[in-house]
Every structure is written in C-alpha cells, then in structure tokens.
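Notes follow once the structure below has been shown.
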C-alpha cells in the first residue's frame, strides 16, 4: 500500500466514529487534514483496544504493546504488513506523517521519552494502558496527570501539524484539552460507572460526603450534586484559561479552535443547566446547536 492510498483509509476511519467535535474538517488547513486523519485513526483504534469489545485486560495490554511497537517502526520509516488493510494503512500514513513533520522536532515540555510527534503519540498509548489498569483516581492531580497524556497531546499534535507550536500556545491548548476531557468525564459519569470506572477524584467525593452507592442506584444525591458542581467549576476555570488559544493560529484553523472551545463549553453549560443529573439524560450537542456555535465562532461571542 502506498501513502496516497493510506491517507483516505485513515480519513474514513476518522469520519466513521461519532465525536463531539469535528475531525479533519474543512476548517482545517487542507495540507494538514491527511496528517490529522492518520493521527486520529491511530489513536481511535488504540482507544478501542483499551475500551471496546470483549477482551481480558492482558489481551488489551498486548494489543497496545503491539501498537506501540508498530509506532516505533513507523518512526524509523519501517512498516511490516500484517494483512489487516485498515491497520496497515494507519502505519503507512503515520510513517509519512512522522517523516514529514516529526523529523527533528524537539521534545515538548512534560515529555521525556521521545521527541516531537512520536513522544505525543506514545503518551496517548500510556493513557490508554492506564484505562485498562486504573478505575479510580485518588486526587485531582491524578486526574490531571491522566489528562496530560490522554487529552493534551491532541492539541499539541494539532499545533505541531499545522505549524503553530509555541510554549504559550501549548499552555493554553493544554488547558482547553484538559477541560474538554473533563467535560466528557462528567457527561459520561453514568456510562463510565456502569463500566466500573470513576474519574471523579475520591478526595473530592469524600470532602462532600458522597457515597458511590447512590451511583449504583442511578441517583444523583445532594452530596453528589455538590461533588459535580465542584469538579464542574474547576473545569470551567480551565476553559477560561485556554480561551485565547485561537489567537495563536491563523486562517480557518482559528475558527476551528473557536468552534471546539465553544462546543465543549456549551456541553458544560448543559451539564450545569441539568444540575449534572446525567442519570436522567446525557447532555449532548445536536445539529440545532451548529448555527449558533458557528455564529459565535465568527463573532467570537464565547460567553454571554
């Protein structure tokens, strides 16, 4: 398989998964879209290894280890065909992306193993492994450390691929990406709990006297509402800290980042409006939200 065949496969993989936010959309610089699709397809499949299907933890970890070995090969410009066309396409495309953008890229702050794109992708895999082995988080800092590897690399990858990396942009991007990840956690509290996973830090739960037995009953008790208001407020501060990340990019990408910020903060608004009762209904965005978000992105009326 050649690169020109591999990138379209990655784009189709990216578009076939539902997400709150667009992937490689028309707002992205045209030259960056294939690279973004390759990175997204790599991460999406790895995330499915960690979360989807009926597999033992050992099987999931084995799949992630094999995925990382293939990442290392791609970084060296090698690709061993396996006969799985979508998977092979991911690494053909990824090898080209790493060669075009990752070569010689410096190690970013907070990443110590490999340089540039390679390091960021390896951080994503470490977070996916943690999804397999960890179902509870003791402190807020523990959750933020997970977000540093599961969410923040996405923003930094986007800035790098589009040619806009800088320390100031990275800091604001990290704030937004963490806020987006946390919003998804609070949005999926009921779903995650049904799978035995809880991202709300235990220290915050205990501070408000919340009991997980209420979650078993599908009830958001007054104590749990206080917990969610606490973590929701912290999430809002992160959105505010990252609001100016679009100022660090140019062209249509500026609009894309505004749309992403607005979409995430609007979901948080919906959670607040529902007083975080995700057991009654999971707040989401719909097509009806699109015109308002786009208008606010154009005029950048981020918050009323």
**Study point:** Condition check for residue 153: crowded, with 22+ Cβ neighbours inside 10 Å and either modelled with pLDDT of 90 or more or more than 29 Å from residue 5 (Cβ to Cβ) (or both)
**Key:** yes
Check your understanding: How about the stretch 293-304: which of its residues are modelled with pLDDT of 90 or more and surrounded by fewer than 16 Cβ atoms within 10 Å (Cβ to Cβ)?
Key -> 295, 298, 299
Study note, to complete from the structure: Those residues of the stretch 226-238 which are surrounded by fewer than 18 Cβ atoms within 10 Å (Cβ to Cβ) and closer than 20 Å to residue 157 by Cβ amount to none
Practice item. With the condition kept exactly as written, say whether any residue in the stretch 164-177 is touching a helix residue (DSSP H, G or I) at 6+ places or on another chain (Cβ under 9 Å) and under 18 Å from residue 48 (Cα atoms). Key: no
Exercise for review: Being in a loop (DSSP other than H, G, I, E, B) and crowded, with 24+ Cβ neighbours inside 10 Å narrows it down to one of 200, 176, so name that one.
Suggested key: 200
Check your understanding: Here are 290, 210, 241, 223: which of them is in the same structural domain as residue 184 (by TED's automatic domain parsing) and either surrounded by 18 or more Cβ atoms within 10 Å (Cβ to Cβ) or assigned to a loop (DSSP other than H, G, I, E, B) (or both)?
Key -> 210
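The values are calculated or read from the model by the stated rules, or taken from the named source; none is laboratory data. Not measured: the values here are computed from a predicted model. Heads up, the Cβs are rebuilt from the backbone with ideal geometry, glycines too, and the neighbour counts pull from every protein chain shown.
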